[in-house]
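FYI, it's all coordinate maths here, none of it is from the lab. None of these values were measured; they are calculated from a predicted model. Positions of Cβ are generated from backbone atoms using ideal geometry, with glycine treated the same way; all protein chains shown enter the neighbour counts.
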Amino acid sequence: MNEQPLPRARWALYAAGTGLVAYGAYGLLTANRSAPLAWARFAALLVVANDGVLAPLVVATGATIVRIMPGGSRAYVQSGLFISGTLILLALPFVLGFGRTSDLQSALPLDYGTGLLVTLAAVWLGIGAAAGGRHIARRRRDGNATSSANDGPLP
Amino acid sequence: MVRGPGPGVTARLSALLHRPLPAPPPWLRRGPFAAGAFGSRLRSERLSAWLGLWLGVAFGVCFVTGLISHGIQDPPSWFSWPSRPVHLYQVTQGLHVATGYACIPLLLAKFWAIYPKLFTWPPARDLGHAVSRAALLVLVASALLQVVTGVMNTARWYAFGFFFTVVHYWTAWIAIGALLIHVGAQLAVIRRGLARPAPPEPDPVTAGGLTRRGFLGTVGAAIGVITVATLGQTVAPLAPISLLAPRRPDVGPQGLPVNRSAVGAGVVDAARDPDYRLVVVGPRRLEMSLADLADLTAHTVDLPITCVEGWSAMATWSGVRVRDLLDAAGIDPDADVQVTSLQPDGLYRRSTLAPPQHRDPLTLLALGLNGATLDLDHGYPCRLIAPNRPGVLQTKWVARIEVSR
């Protein structure tokens, strides 16, 4: 498969993509106030933080859940943790509030720590309700199946 | 399907790219590099392809709305932006920021789905593989940079050591370019991954964990929660439940947010000076005190302030029509007009009004806001307010109006 020449669509995408990357890089290197070194430093920091810290943490959490959580509720916990994690990452700059200045009362006006806790509570209430609803629905279905199997003739 | 080019440059290039590189010693293959190091059965081509499709749409929306915003603020000669519909920029920029926020769960889900590929063994099979991995690194780095700097900008947290708008604009080109390269490299995988019908998957309860559909649903739910938690900064009725919105449309002086205060802009004394005069430079030069401006025919309009940071808020403005002032000064109605602030410096000290904006009857030099005299932070003695325009171009503390050179 590797020996086959690439389809034309692929070469077209490579050419267009390389052109756009080169245009962006040229802009970064030449534009006023773009600071390419600070750009490279921050990009490297983000990649290391993502691939070297956040991702291993998530994989380890996932492995722990599989080990300690019973099968029935595992999916709900995984969902809840994913939503909570992304919400916390979004809220972090607001909760830290480094962007606040004394002369701008309207910038970051809320108590974001409390807001985050309330939103997280709402998420887990929703997760609990979904899990509970599914549990009840399954019990009712199983109950019906059992009673009809007992009452009626076997197929 | 598509016939490849004959033997020639591309064939030789292809041969060069596929020449095997020496393999690293096998004892290095440990930890995450070991075969079977990542156990989750949830990862699949199909999951990656769907997340990639959603991300592609999100990046496309951010790119196009971002280019629009950039074009309005720094227009190339061929670019023209209308003054109507009044709320158009509110929609495009609100969408830009909301879609950017939505990229957080999308990107993280995608990174999780492809994380084992980071530990591919051998790290580079051949030159082509190495180039393709380097291109992927460019995509990952630029995507992370765009989303993180975008969110930090809405939190006004400038800890990255470069000027946000310039870097966010140029990195967007890099991210979109790297995305096209990635799509090119993954064409076959994408075709397989998005093919219908989907392969069957085990029942979620019996298997115990999330299914592909369950995971995609979770990503959708995370986007929903993030959107509800923040969209109140753009859509006012949602404000009471948007507990993480960086702005409230009704919080600020005179019930309206501000992005640059009079103190921050260094204009307090100049704006309060009783000798203040607005100068309109045209064939007839006008020099007007605040009282002179107040004597002119007053108009009242409802227009939003729409920030590039995504928040927006409606307000009722009263003041003089800009086109009346320009006509009184004899300025050519087809000329671009420059509005200059009392601010001694700063990137947004000046803005340009193209004819569609300054001829619009809604475009005012406002003296009043929500029934009271304009607050110092909102641009007292007078400010520009025009429809369908970013807030940074709604120049405050206006001192001078003239034809653009």
Given all pairs of distinct Cα atoms, chain B yields a Kirkwood Rh in Å of 24.8 Å
Given a Förster distance of 56 Å, the FRET efficiency implied by the Cβ-Cβ spacing of A:GLN105 and B:GLU45, rounded to the nearest 0.05, works out to 0.65
Neighbour-count ranking for A:VAL118, B:VAL258 (other C-beta within 10 angstrom, fewest to most) reads A:VAL118, B:VAL258
With only helices counted (DSSP H, runs n ≥ 4, each -39500 (n - 2.57)), the per-residue ellipticity at 222 nm for chain B, to the nearest 500, works out to -13500 deg cm²/dmol
Partner shielding of B:8-17, taken as the mean number of other chain Cβ atoms within 10 Å, equals 2
Pseudo-spin-label distance B:ALA34 to B:VAL263, built 7 Å along Cα→Cβ, given in nm, is 6.0 nm
Restricting to Cα pairs under 8 Å and 6 or more apart, the percent relative contact order of chain B works out to 17 percent
Unit-weight point scatterers at every alpha-carbon of region A:18-155, Debye formula, q = 0.09, 0.13, 0.22 1/Å: log10 I(q)/I(0) is -0.57, -0.90, -1.27
Once both label points are put 7 Å beyond Cα along the C-beta direction, the B:HIS18-B:VAL57 separation in nm becomes 3.6 nm
In chain B, whole DSSP H helices that both stretch 20 Å or further along their axis by alpha carbon positions and average at least -1.0 on the Kyte-Doolittle scale are B:45-73, B:88-114, B:127-154, B:164-185, B:212-230
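Find how much the distance from B:LEU137 to B:SER289 grows on full extension, using 0.36 nm per residue of separation minus their present alpha carbon separation; answer in nm with one decimal.
Length gained between B:LEU137 and B:SER289: 48.9 nm.
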Proxy exposure order for B:ASP324, B:ASP345 (fewest C-beta within 10 Å first) is B:ASP345, B:ASP324
Of the convex hull enclosing the alpha-carbon atoms of the protein assembly as shown, the direction-averaged projected area in nm² is 34.4 nm²
B:ASP332 and A:ASP142 label points (each 7 Å along its Cα→Cβ direction) are spaced in nm at 8.3 nm
Rounded to whole angstrom, the alpha-carbon centroid of region B:120-153 lies from that of region B:89-104 at a distance of 24 Å
One finds, for A:LEU125 and A:LEU92 with R0 = 25 angstrom and r their Cβ-Cβ distance, a FRET efficiency to the nearest 0.05 of 0.65
With DSSP loop assignment and no more than 14 other C-beta atoms within 10 Å, the trypsin sites (Lys or Arg not before Pro) in region A:32-129 are A:ARG33
With Rg from the Cα atoms and Rh as the Kirkwood inverse mean 1/r over Cα pairs, region A:11-68 has an Rg/Rh of 1.26
Per GNM of chain B with C-alpha springs under 10 angstrom, the most fluctuating residue out of B:TRP112, B:TRP317, B:TRP78 is B:TRP78
Relative contact order as a percentage, region B:255-403, C-alpha pairs under 8 Å and 6+ apart, gives 29 percent
With T = 10 °C, eta = 1.306 mPa s and Kirkwood Rh from C-alpha pairs, the Stokes-Einstein D of region B:183-289 in µm²/s is about 78 µm²/s
Mean projected area, convex hull of alpha-carbon positions in region B:55-103, reported to one decimal in nm², is 3.6 nm²
The FRET efficiency for B:ALA188 and B:THR340, from their Cβ-Cβ distance with R0 = 51 Å and rounded to 0.05, is 0.35
Relative contact order of region A:1-143 (C-alpha contacts under 8 Å, at least 6 apart) in percent is 18 percent
